[in-house]
1. Just to verify a result, which residue in segment 261-280, among those that are of a type in the set (Ser, Thr, Tyr) and in a helix (DSSP H, G or I), is modelled with the lowest pLDDT?
2. So which residues in segment 205-226 are touching a residue at least 12 places away in the same chain (Cβ under 8 Å) and farther than 18 Å from Glu53 by Cα?
3. Those residues that are in contact (Cβ under 8 Å) with a residue 60 or more places away in the chain and farther than 21 Å from Phe252 by Cβ, I need them from segment 64-83; list them, please.
4. Ala225 versus (1) in contact with a Pro (Cβ under 7 Å, 6 or more places away or on another chain); (2) surrounded by fewer than 11 Cβ atoms within 10 Å (Cβ to Cβ): which is the lone unmet condition?
5. I'd like to check something: does segment 136-159 contain any residue that is surrounded by 21 or more Cβ atoms within 10 Å (Cβ to Cβ), of a type in the set (Asp, Glu) and assigned to a helix (DSSP H, G or I)?
6. Counting just the residues of segment 173-187 that are of a type in the set (A, V, I, L, M, F, W, C) and more than 20 Å from Ser270 (Cα to Cα), which one comes out farthest from the chain's Cα centre (by Cα)?
7. Please go through segment 124-134 and pick out each residue that is assigned to a loop (DSSP other than H, G, I, E, B) and either touching a Ser or Thr at 6+ places or on another chain (Cβ under 8 Å) or at pLDDT below 95 (or both).
8. For segment 7-51, name all the residues that are among the charged types (D, E, K, R) and within 23 Å of Arg202 (Cβ to Cβ).
Amino acid sequence: MSTPATVYSAYETLEIIHRPPILDVRLNRPQARNAMTFEMDDELDRILDEAEEDQEIRVVTIRGNGPIFCAGHDLKEVASGYRSEGAPSGMPSSYRRPRMPRAWYFKKPLIAGVHGYVGPMANHFIAGCDFVVAAEGTRFSFEQTRMGGGAAGGTILNFQLPMRVVKKLWLMGGWFDAEKAHDMDYVQRVVPVGELDAETDRWATEAARIPSQQYAAAKEMIHRAYEIRGLVGIAMIQNKASGHGSAEDRKFFEMVQELGMKEALKYRDSQFDQSVAQIV
């Protein structure tokens, strides 16, 4: 007889269901394209803390409710304080010091199932996952870096992707599709949209069969090897740099507030050639 599912209710931006041994975490702001706020980021950290301590949880999956996985950082949140402060609004002090994402240190299997669209902040998050399954047609986007994107980021991506790909993403606002993501081993499987949940669960079930102590030890060894090669040092550089403050940024965020997100993005992206930005 299967163990009944438990629904967590103490989270505002996440839907969390525990079906032992899998904890299913879903970004749950579909009305805002699951854009990541500082609150959501904090809640993701908190649920990983809880999952790490719960012996009944052997693997965590990350997915998104609604038509897309995640638009990236909530630009309305950024715009609300940028015009007066010249910096992202509401940024907690923890964001202002060098740090690796909480996902990087998570000891258990962490598997993402993504679909539709994956914005820059979301790419930064899934880069810390162990494995990623993508639905056909998913767009992995760094277009926010064209205007209003701040400093070049993607600490872990510097090790996961070739240098010229990273440059195109962060210097030119590049993007790539699910098939290219698979070619670069950025994702491990590409499946039809209707099969995404089943395939993500299949990977989670397989990972849950590995003894937890064994998985944690191997994961720590792998991650420490990359840290020694300079991963943490890159995080220190990234957190000191800032690309915010330009006149173009200010105009973009003014448009976000006064004309709405749709018009602001139309203004930004109409100035760029999508075929140049695409990673092929």
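1. To start, the set of residues in segment 261-280 that are of a type in the set (Ser, Thr, Tyr) comprises 267, 270, 275.
Within this subset, residues satisfying the condition of being in a helix (DSSP H, G or I) are 267, 275.
On the way: Tyr267: 92, Ser275: 89.
Filtering segment 261-280 for residues that are of a type in the set (Ser, Thr, Tyr) and in a helix (DSSP H, G or I), the one modelled with the lowest pLDDT comes out as Ser275.
2. The first filter runs over segment 205-226 and keeps only residues touching a residue at least 12 places away in the same chain (Cβ under 8 Å), leaving 205, 207-208, 210, 212, 215-216, 219-220, 223, 226.
Those that are touching a residue at least 12 places away in the same chain (Cβ under 8 Å) and farther than 18 Å from Glu53 by Cα: Thr205, His223, Tyr226.
3. Kept after step one, since they are in contact (Cβ under 8 Å) with a residue 60 or more places away in the chain, are these residues of segment 64-83: 69, 72-73, 75-76, 78-80, 82-83.
Once the filter is applied, which keeps residues that are in contact (Cβ under 8 Å) with a residue 60 or more places away in the chain and farther than 21 Å from Phe252 by Cβ, segment 64-83 yields only Phe69.
4. Only one criterion is unmet by Ala225, namely (1).
5. yes
6. Going residue by residue through segment 173-187, those that are of a type in the set (A, V, I, L, M, F, W, C) are 175-176, 178, 181, 184, 187.
Cutting the leftovers down to more than 20 Å from Ser270 (Cα to Cα) gives us 178, 181, 184, 187.
Numbers: Ala178: 15, Ala181: 14, Met184: 17, Val187: 13 Å.
For segment 173-187, the residue satisfying everything is Met184.
7. First pass over segment 124-134, keeping only residues assigned to a loop (DSSP other than H, G, I, E, B): 127-130.
If the condition is that a residue be assigned to a loop (DSSP other than H, G, I, E, B) and either touching a Ser or Thr at 6+ places or on another chain (Cβ under 8 Å) or at pLDDT below 95 (or both), then Ala127, Gly128 are the ones that fit.
8. Restricting attention to segment 7-51, the residues satisfying the condition of being among the charged types (D, E, K, R) are 12, 15, 19, 24, 26, 29, 33, 39, 41-43, 45-46, 49-50.
Once the filter is applied, which keeps residues that are among the charged types (D, E, K, R) and within 23 Å of Arg202 (Cβ to Cβ), segment 7-51 yields Glu15, Arg19, Asp24, Arg26.
The values are calculated or read from the model by the stated rules, or taken from the named source; none is laboratory data. The model shown is predicted, which means the values in this text are computed figures rather than measured ones. Using ideal geometry, Cβ is built from the backbone for each residue, glycine included, and neighbour counts are taken over all protein chains shown.
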